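Read the structure below first, then the notes.
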Amino acid sequence: MTEFEDRLFNNLKNLGIYFNKENLRLGAAVSGGADSVSLLVALSSILKPLKLPLFVINVNHNIRESSETLGDSLYVRDLCKTLQSDGCDVRFFMQVLAPGKITELSLERKSGTEEAARFCRYQIFEDFISSNQLDFLCLAHNQNDNLETALMRFLQGGFSYDYGVAAIPPCREKYIRPLLNVSRSDIEAYLAAKGVSWRTDSTNLDPSYLRNNIRLSLVPFLDSNFSGWKTALLNGMEKARLDNEMLKTFVEERLNGFEIGYEEVENGRAVFLNASDFLLEMEGVQIRLLTKMINLVSAAERIPFAFLREVCEAVKKGYFEAKVYKNVVISLKNNRLTVKNCVKSQTDFCFSVIIEEEGSYAFHFGKLDVLKNDDGGFSLVYNKKVIVGSVALPICVRSLLFDDEVLCADGKMKKVRDVLSQWHVPESEKGKIPLVQQLSAKNQRIICIFGEVLGFDNWIIK
């Protein structure tokens, strides 16, 4: 084995993989990027002499241009065939999502595109693990990913009950990440030595995504001005992980003193406790207690610290009707603090229509005409008035998602919810205002907030 493969082999053993197990069944999620390709090639090399199979899953989300996403999948398929011809027992599986599926899912889950893609991807992984009776599925997150995630968590004020401010866990149930202590430069050097190429996701160069902005702007700045920052951050993350393990034990002991009630509610479920007892705890315990309650009723993994802090302050003041984050609603009434998971019901107002060709389209606000221009672009016309002068298809006309942002004149991004609040749109009406999303662009930005349908302004990106 090469030095890289030997390192991966030892990482796998440290994560609990027993290679003397005759029926060991390992899987690998492979997108086509350098990280996952190195994982595929190295795992194949390790398992080949042991005559053990490797089950490979590739997910085509169909978010980018179809030619690019299909090209990624076909590259992974062909690489698996090459490894098979070299005597490796590699078994390739591909899952292709319908175009627009992720956009529809993000609308349903009231989340951003990346979160919806991740949710869908892990559902596919769960089925893949089950149907192939895998012991573990290997994911290709590396040391650079870990550092970027830690920076993201810090900048977003994110918090995880299980990992605190630490970044990516090396092991979670049947998911393992054996490259988590391996740098991207080591990965690329390994592939270069092997003569293996990889695919590059074009969206990785789009700074409108926070992770990309961190990778393209913040990390080079830190490299140039703060030598040793990576080692310092990795050590700090490990310390945070150890501290959080201790805090979790302390909080769990405190939780034993709470009587947490459970009840079924309309369109969901709820947990509750006595607010007076809650207020007797230190604020750090309150934050973790709230996070624990949310996790009991919701699949939310990271809750913004600002939201948790806002709830704690509201509890001190007494009664409040609702504090809402995604599908979680927290309320305080008659000294009872309740955390409820609201499942989307048929009465929730949401819509999503993907427009791929010229024509007339019916919505709750009336008819929207899509007309082809002489220059090959398309105009969006409402009540015989041109709303958007020239746009490339396909587009998606949909309702508001929680994390939606829109470009401002100064080049900065702004929450669509904040725009609607400035327009004094009632909370109950915000979901009825259409947003036009450009699906053909790499960043799939929102190009229009169509407030006119309810008598408000329009926000048009020129």
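The values are calculated or read from the model by the stated rules, or taken from the named source; none is laboratory data. What you are looking at is a predicted structure, and each value in this text was computed from that prediction instead of being measured. Cβ atoms come from the backbone with ideal geometry, glycine included; neighbour counts cover every protein chain shown. Surface areas here come from the heavy atoms of the whole protein model, side chains and all, with no ligands, DNA or RNA. Shrake-Rupley method; radii C 1.70, N 1.55, O 1.52, S 1.80 Å.
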Kirkwood hydrodynamic radius of region 114-213, Cα pairs, Å
15.6
Mean Cβ-within-10 Å packing, highest first, puts peptides 233-242, 248-257, 449-458 in the order 449-458, 233-242, 248-257
Say R0 is 51 Å: what FRET efficiency, to the nearest 0.05, do A189 and K372 get from their beta-carbon distance?
0.50
Taking R0 as 56 Å and r as the Cβ-Cβ distance between A322 and S227, the FRET efficiency 1/(1 + (r/R0)^6), rounded to the nearest 0.05, comes to 0.70
Along each principal axis of its Cα atoms, how long is region 1-72 end to end? Whole angstroms, biggest number first, please.
43, 26, 20
Taking the Cα-to-Cβ direction at N10 and at E108 and moving 7 Å from each Cα, how far apart do the two end points lie in nm?
4.6
Extension reserve of the R172-V386 stretch, reckoned as 0.36 nm per residue once the Cα distance is removed
71.9 nm
Sketch the reach of a paramagnetic label on K48 as a point 7 Å from Cα along Cα-to-Cβ, and name the residues of region 1-42 whose backbone nitrogen lies under 12 Å away.
1-2, 41-42
Mind giving me the FRET efficiency for S276 and K248? R0 is 25 Å, r the Cβ-Cβ distance, nearest 0.05 is fine.
0.55
Give the residue from F272, Q133, C396 lying farthest towards the positive end of the charge dipole for the chain; charges sit on Cβ (+1 for Lys and Arg, -1 for Asp and Glu) and the dipole is referred to the Cα centre.
F272
Pop out the carbon and sulfur fraction of the accessible area of the chain as a percent, whole number, probe 1.4 Å.
50
One computes Rg over Rh for region 112-159 from alpha-carbon atoms, with the Kirkwood Rh, and obtains 1.08
Please state, as a whole number in µm²/s, the translational diffusion coefficient that the Stokes-Einstein equation yields for the chain at 10 °C and 1.306 mPa s, with Rh defined as the Kirkwood radius across alpha carbon pairs.
64
Other residues with Cβ under 11 Å from the Cβ of V37 give, with Lys and Arg +1 and Asp and Glu -1, a net charge of -1
Would region 363-445 count as rounded, prolate or oblate if I go by the C-alpha gyration tensor, calling it rounded below 1.5 in a/c and otherwise prolate when a/b exceeds b/c, oblate otherwise?
oblate
Quick one: check the C-alpha center-to-center distance for region 244-264 versus region 1-19, whole angstrom.
37
Ordering of 270-282, 176-188 by burial proxy (mean other Cβ atoms within 10 Å per residue, highest first):
176-188, 270-282
If you build the convex hull over the alpha carbons only and average its shadow over all orientations, what do you get for region 314-390? Give it in nm² to one decimal.
8.5
What order, most packed first, do the peptides 216-229, 378-391 have when packing is the mean number of other Cβ atoms within 10 Å of each residue?
378-391, 216-229
Using 0.36 nm per residue, how much length does the chain from E68 to L155 gain when fully extended, once their Cα-Cα distance is taken away?
28.2 nm
